[in-house]
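First comes the structure, then the notes that go with it.
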Amino acid sequence: MSGKKSQLTPFESRKQLLLVESELNRAQLINEMRDFKNEIQHLNHQVVGIVSTASLAAKLVAAFSDVGRAFSHRDEGENEKPSWFSTLLNGAKAGTSLWRLVRSRWRKA
């Protein structure tokens, strides 16, 4: 605004406008890629949580199955009661399974 006329031709001014627009588009693309990366990380955290929950559920089912088997009769066709030793052994197996489950959760926490 010094009163001087601009020395830019219409072609040069158009070229500068295109360069500025290109820089703006590049900055917008960088921001969108950063947002996309953040969304992927958030999705990854959710998937890890779901997998961890599913793993814990599977371990719990296995542990309860072991406990159920420890106290159920193996030979339903026979009228004999299982020996106290086999009941004790099955209970120890179930307890070991539960202990491993609890200990693995303590280590992760």
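Each value in this text was obtained by applying a stated rule to the coordinates, not by laboratory testing. This one's a predicted model, so the numbers in the text were calculated from it and none came from an experiment. Positions of Cβ are generated from backbone atoms using ideal geometry, with glycine treated the same way; all protein chains shown enter the neighbour counts.
Roughly what would the spin-label model give for Leu88 and Asn25, points 7 Å off Cα along C-beta, in nm? Once both label points are built, they end up 8.1 nm from each other.
Potential lengthening of the chain between Phe36 and Ala58 amounts to 4.6 nm, from the contour at 0.36 nm per residue minus the alpha-carbon distance.
Sequence-ordered 3J(HN,Hα) estimates for region 85-93 from the Karplus curve with 6.51, -1.76 and 1.60 and θ = phi - 60° stand at 5, 5, 5, 5, 5, 5, x, 5, 4 Hz, glycine and proline given as x.
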